[in-house]
Amino acid sequence: MRLRRKRYRLRALRKSFELRKVSDRTASIGPQDVLVFVTLRNERLRLPYFLDYYRKIGAGHFLIVDNGSDDGGREYLAEQDDVSLWTTPASYKASRYGVDWLNHLMRRHGHGHWTLVVDPDEFFIYPFCDTRPVQALTDWLDACGQRSFGAMLIDLYPKGQLDAESYQEGQNPMEIANWFDSGNYTITRNPLYHNLWIQGGPRARAFFADKPKAAPSLNKIPLVKWRKNYVYVQSTHMLLPRGLNHVYDRQGGEMTSGALLHAKFLNTLEQKAEEELQRGEHYAGSREYRAYAEHLKDRTVLWNRWSEKYINWRQLEILGLMSKGNWA
């Protein structure tokens, strides 16, 4: 595993030469800042609310790789005082879906910081997030000696057809997509990396009903107290060293955990799916976006009579989708 980790670090260094600096404000990063790392393409519509959400929970700085956007997003981000921005036209697939680029930036700028890796349609929630900033969580994790924090991805969707209401710039996407599956999840343990592997939810039942094991994974470890020798292996699903993947209680109890509210299922998805199919830069031959494009032709409705309307983090704790553990 040490050799594998070294190989990933070398890959990240090699891929760093694909990045061109647009605006570097990393000198303004404070020693206690929680840093948000993102790779994105053509997400201009989502950016104002995304940045505002993470600023409100206490993010100190954003480090973003723009993968050749042509929708004005790069220009918008370059104007933000708390954003450092790099751009590249290079292959997303060849960078291991952006992991190599972020591993490099995290090694260079994230050492000693709590780092949060998310997509523009993911919103991190944690116990007491309605009353406490993310620094309260990271301070507690530091006191407990915990280096990483797990979060299950919760797919949100509207009650009606996905294109029934248009998402507007700056809008909270959860005003439109605010239903989720409270069950229908499977959990296994990866014997090599020791992380949990979670699948299910609306994507499994609606888009991968005939091949549920091909459904996207929902396990994430987005929050890590970063060190230079750490690497993400596959998205934020697993890391090296392997001890960082132990974000669950191996004795059968409960560890504190969070969730990522995933607001992908808006009216913008059909256009996004078409674009990504043309690019062919996503995992397994863009299998996920191929499934979206195929089913969206039938004006898919993900809501059913077992759907739950999202209220707050306490609701997810009651349903067993996240836990406050012994953090009070």
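The values are calculated or read from the model by the stated rules, or taken from the named source; none is laboratory data. Bear in mind the structure is a predicted one, so any value in this text is a computation, not a measurement. Every residue, glycine as well, gets a Cβ built from its backbone with ideal geometry; the counts of neighbours run over all protein chains shown. Calculation scope for accessible area: heavy atoms of the full protein, side chains included, ligands and nucleic acids excluded. Shrake-Rupley method; radii C 1.70, N 1.55, O 1.52, S 1.80 Å.
Are there any pairs with C-beta distances below 7 angstrom linking a residue in the stretch 312-324 that is more than 13 Å from residue 128 (Cβ to Cβ) to a residue that is assigned to a loop (DSSP other than H, G, I, E, B), with the two at least 6 apart or on different chains, and if so which?
Final answer for the pair search is 319/182.
For the stretch 206-225, enumerate the residues that are assigned to a helix (DSSP H, G or I), surrounded by 17 or more Cβ atoms within 10 Å (Cβ to Cβ) and of a type outside the set (Phe, Trp, Tyr).
Once the filter is applied, which keeps residues that are assigned to a helix (DSSP H, G or I), surrounded by 17 or more Cβ atoms within 10 Å (Cβ to Cβ) and of a type outside the set (Phe, Trp, Tyr), the stretch 206-225 yields only 206.
From the list 326, 312, 229, which one is at pLDDT 95 or above, open to solvent by 40 Å² or more (accessible area, probe 1.4 Å) and farther than 29 Å from residue 94 by Cβ?
Testing whether each residue is at pLDDT 95 or above, open to solvent by 40 Å² or more (accessible area, probe 1.4 Å) and farther than 29 Å from residue 94 by Cβ leaves just 312.
Applying the selection to the stretch 52-64, what residues are in contact with an Asp or Glu (Cβ under 9 Å, 6 or more places away or on another chain) and open to solvent by 30 Å² or more (accessible area, probe 1.4 Å)?
Matches in the stretch 52-64: 55 only.
With (1) in contact with a Lys or Arg (Cβ under 6 Å, 6 or more places away or on another chain); (2) closer than 22 Å to residue 153 by Cβ as the list, and residue 87 as the residue in question, which single condition is left unmet?
If we test residue 87 against (1) in contact with a Lys or Arg (Cβ under 6 Å, 6 or more places away or on another chain); (2) closer than 22 Å to residue 153 by Cβ, just (2) comes out false.
For the stretch 80-119: of the residues being open to solvent by less than 10 Å² (accessible area, probe 1.4 Å) and assigned to a loop (DSSP other than H, G, I, E, B), which is nearest to residue 220 (Cα to Cα)?
Ranking the candidates gives 118 first.
So which residues in the stretch 36-52 are over 14 Å from the mean Cα position of the chain (by Cα) and of a type in the set (Phe, Trp, Tyr)?
Correct list: 49 only.
So how many residues does the stretch 121-151 have that are under 24 Å from residue 198 (Cα atoms) and surrounded by 22 or more Cβ atoms within 10 Å (Cβ to Cβ)?
Final tally of qualifying residues: 10.
Cβ contacts < 6 Å: first residue basic (Lys, Arg), restricted to the stretch 133-157; second residue open to solvent by 20 Å² or more (accessible area, probe 1.4 Å), any location; separation 6+ or different chain. Result?
Close Cβ pairs (under 6 Å, with a partner that is open to solvent by 20 Å² or more (accessible area, probe 1.4 Å)) amount to 147/225.
Name the one entry in 216, 222 that is at pLDDT below 95, within 29 Å of residue 137 (Cα to Cα) and not polar (S, T, N, Q). Step through it out loud before you land on a result.
Numbers: 222 fails: at pLDDT below 95.
The unique qualifying residue is 216.
Based on what the data block shows, is residue 161 modelled with pLDDT of 95 or more and open to solvent by 30 Å² or more (accessible area, probe 1.4 Å)?
Values: modelled with pLDDT of 95 or more: no; open to solvent by 30 Å² or more (accessible area, probe 1.4 Å): yes.
Criteria not met by residue 161.
Residue pairs, Cβ under 6 Å, 6 or more apart or interchain, first in the stretch 100-120 and under 19 Å from residue 258 (Cβ atoms), second not hydrophobic (A, V, I, L, M, F, W, C) and not in a helix (DSSP H, G or I). List them.
Qualifying pairs under 6 Å: 114/225; 116/222; 117/222; 117/236; 118/222; 120/43; 120/46.
Could you tell me which of the residues 128, 180 is over 20 Å from residue 240 (Cβ atoms), modelled with pLDDT of 95 or more and assigned to a loop (DSSP other than H, G, I, E, B)?
Working: 180 fails: assigned to a loop (DSSP other than H, G, I, E, B).
Unique residue meeting the criteria: 128.
I'd like to know if the stretch 188-198 contains one or more residues that are over 30 Å from residue 42 (Cβ atoms) and among the aliphatic types (A, V, I, L, M).
Looking through the stretch 188-198, at least one residue is over 30 Å from residue 42 (Cβ atoms) and among the aliphatic types (A, V, I, L, M).
Working only within the stretch 237-277, note down all residues that are over 17 Å from the mean Cα position of the chain (by Cα) and either of a type in the set (S, T, N, Q) or assigned to a strand (DSSP E or B) (or both).
240, 251, 256, 267, 268, 271
Answer yes or no as to whether residue 49 is open to solvent by less than 10 Å² (accessible area, probe 1.4 Å), under 24 Å from residue 172 (Cβ atoms) and touching a residue at least 40 places away in the same chain (Cβ under 8 Å).
no
I want to confirm something. Restricting to the stretch 183-205 and keeping residues that are in a strand (DSSP E or B) and of a type outside the set (A, V, I, L, M, F, W, C), which single residue is least open to solvent (accessible area, probe 1.4 Å)? First the steps, then the outcome.
Just the residues of the stretch 183-205 that are in a strand (DSSP E or B), to begin with: 185-189, 196-200.
Next cut, of a type outside the set (A, V, I, L, M, F, W, C) only: 185-186, 188-189, 199-200.
Values: 185: 52, 186: 83, 188: 82, 189: 122, 199: 24, 200: 7 Å².
The residue in question is 200.
Out of all the residues in the stretch 97-124, which are at pLDDT 95 or above and over 23 Å from residue 58 (Cα atoms)?
Answer for the stretch 97-124, where residues must be at pLDDT 95 or above and over 23 Å from residue 58 (Cα atoms): 98, 99, 100, 101, 104.
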